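To start, the structure itself, in structure tokens.
The values are calculated or read from the model by the stated rules, or taken from the named source; none is laboratory data. Owing to the predicted nature of the structure, the values given are computational and were not obtained by experimental measurement. Counting neighbours? That spans all protein chains shown, and the Cβs are built from the backbone with ideal geometry, glycine included. Ligands, DNA and RNA are stripped out before the accessible areas are found, and what is left, the full protein with its side chains, is counted by its heavy atoms. Shrake-Rupley method; radii C 1.70, N 1.55, O 1.52, S 1.80 Å.
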Amino acid sequence: MQVKLIRQELPAVQTDALILPEAEGVQRAEIVAAAGAIYESGEVSGKMLEFVLLHGVAGFAAKRVLLAGSGKADKLDAAGLRRIAAAAVRFLKGKGVSEAVLALDAALATPANVAAVAEGLIVGVWEPDIHKTDKENKPKLVEAVSIAVPEAAAGLDAALEQGIAIGEALNVSRDISVEPPNLLTPTAMAERAREVAKAAGLSCEVLDENRMRQLGMGSLLGVSQGSAEPGVMIVMQYKPEKATSEGHLGLVGKGVTFDTGGISIKPADGMEKMKYDMCGGAAVIGAMQAIAKLKPGIAVTGIIPAVENMPGSKAQRPGDIVTSLSGKTIEILNTDAEGRLILADAITYAKQLGCTHLVDAATLTGSIVVALGTTSSGAFANDDALLAGWMEASKAAGEKMWHMPLDDEYRDQLKSVYADLQNIGTRAGGSCTAAMFLKEFAGDTPWVHVDIAGTAWLDDAKPFLAKGPTGIPAGTFVHLALNWK
Ligand code: BES
Ligand code: ZN
Ligand code: ZN
């Protein structure tokens, strides 16, 4: 999808489809003059994401005019425009529109809105169909959209660039996440990270199992040992030319390319969904690509522990005790609580690499889905300032987060008789004890943990988003780095 800015009077714009956001109760004079009956019919209410497609409207050079409902005028923000832009290109899919123009009037043509629209357009056209072979009969997608802004609107170029970079970051994350688990092994995931790093000018190092054994990553290796596919630790690094901060941000993403549960095996029903257990890692790879393009003033390291959780004959058993990179010993009581085990070593490694602030994203627990459903990710933190930055970044990205508790009381559930820690607590508050487990490894380093088990995958398509991986929280990662304080 090509996205650019144009400055042109709307009636003169030649395009397959001119997309006009229209608030509730607003009637455009030009449309009233040419096709007033459409308003009289009551077909146009201006409600959010209501689309009415008109052909050959007198006075417009455009072949079609798409009235795009934008809801109450005083409620419309960047997040709303992101959805309108995404839903518009999805609405136009398969309608013979290869190129379109989306108009932002003087009130809407702000940098934040331009960035959101560019991002929405790019995210909106993405489809989870790369493995379908009948390319002929695929509905044709919109290939290019220009954002039309008033002549006087200035300072929008950087915003456009940011929106494009974040949209592409989300799609890279989704391209990786949508791959099936037979094709996206830990090794293949590392290969994808290498490709992204090479194209973006980032350094990328991949630790193999031998190296991880030398370093002492017993917690990750315990998970990986049940699979014929070797595990890896992927490290992507961005260093600013002129640093504006002494900090070093570490982004850590869970990369379980398939989670059978291991010996504590999951039920068969719905197990195919567990190919999504690497979405946190994919979001880190996507975010690193955008960070390389947008060049924030802070060093950022992306760390993805990638393994397959299988019940092979070498698999770890409930009752095993492993020694993590931190030196802490962990009693494994449930091999399905594997995400926290690989993240424990990744978090410790991030600190060893010099990260001063950490954010991890993981499809960590079923219980966060029970708590928050599919709307918000759960955010846990040991540091108020970093949490505040994260919440602000999440608003800018339009990726909802809900602050979850991490009280000391949850720690009691992780006391083991035989080791320093055990890897599960009781069923109640499962996402909180999982977060508490990670906190043991973050220690005093400011850290936010984001449980994306409910938000990383969309089970039913939305008007503005295809079914499948969402790319969340790649957008928030990028905004956090860009707005670092
Ligand atoms: N990848 C899963 C998390 C998950 C489970 C996401 C179900 C969506 C639906 C994670 O590795 C896991 O299996 N967690 C267990 C932990 C439990 C054994 C303490 C869970 O949440 O059930
Ligand atoms: Zn699991
Ligand atoms: Zn898992």
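Listed values, structure above:
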read-out	value
For Leu5, net neighbour charge (Lys/Arg +1, Asp/Glu -1) across residues whose Cβ lies under 12 Å away	-1
Estimated distance in nm for a label pair at Glu392 and Asp134, the labels positioned 7 Å out from Cα along Cα-to-Cβ	5.1 nm
Per-residue HN-Hα couplings for the stretch 249-261 [Karplus 6.51, -1.76, 1.60; θ = phi - 60°; Hz; x = Gly/Pro]	8, x, 10, 10, x, 4, x, 8, 6, 7, 10, 7, x
Whole-Hz ³J(HN,Hα) from phi, Karplus 6.51 cos²θ - 1.76 cosθ + 1.60, for the stretch 131-138, glycine and proline x	9, 7, 9, 7, 6, 4, 8, 5
Relative counts (whole %) of C-alpha pair distances in the stretch 100-234, using bins that are 5 Å wide	2, 9, 13, 14, 13, 13, 10, 9, 7, 5, 3, 2, 0
Rg and Dmax [Cα atoms of the stretch 350-406; Å; Rg one decimal, Dmax integer]	12.4, 36
Cβ-defined net charge surrounding Met278, 13 Å radius [Lys, Arg +1; Asp, Glu -1]	-2
Extension reserve of the Lys4-Glu191 stretch, reckoned as 0.36 nm per residue once the Cα distance is removed	64.2 nm
Non-local Lys pairs in the stretch 2-155, i.e. 8 or more apart or on different chains, that have alpha carbons under 23 Å apart	21
Counted charge near Gly339, where neighbours are those whose Cβ lies closer than 10 Å (Asp, Glu -1; Lys, Arg +1)	-4
Rounded to the nearest 10 Å², the accessible area of Ser313 at probe 1.4 Å	120 Å²
For Glu22, distant residues with modelled amide H under 5 Å away	Ala68, Gly69, Ser70
Lys/Arg +1, Asp/Glu -1 at C-beta; the stretch 2-155 dipole; positive extreme among Ala116, Ala12, Pro139	Pro139
Among beta bridges that DSSP assigns inside the chain, antiparallel share in %, nearest 5	40 percent
Solvent-accessible heavy-atom area per residue, rounded to whole Å², over the stretch 122-272 at 1.4 Å	47 Å²
Candidate residues Trp390, Trp484: accessible-area rank, largest first, probe 1.4 Å	Trp484, Trp390
5 angstrom amide H check on Ser264, placed H, neighbours 5+ away	Thr335, Asp336
Average projection area in nm² (convex hull over Cα atoms of the stretch 179-482, one quarter of hull surface)	14.4 nm²
Equivalent ellipsoid semi-axes - Cα gyration tensor, the stretch 2-155, angstrom	24, 19, 16
Angle in degrees between helix 186-200 and the longest Cα principal axis of the chain, rounded to the nearest 10	50 degrees
Cut-off under 5 Å, modelled amide H: who pairs with Leu358 long-range	Gly250, Trp447, Val448
Potential lengthening between Glu43 and Leu333 on full extension [0.36 nm per residue; Cα-Cα distance subtracted]	98.5 nm
Potential lengthening between Val370 and Leu458 on full extension [0.36 nm per residue; Cα-Cα distance subtracted]	30.1 nm
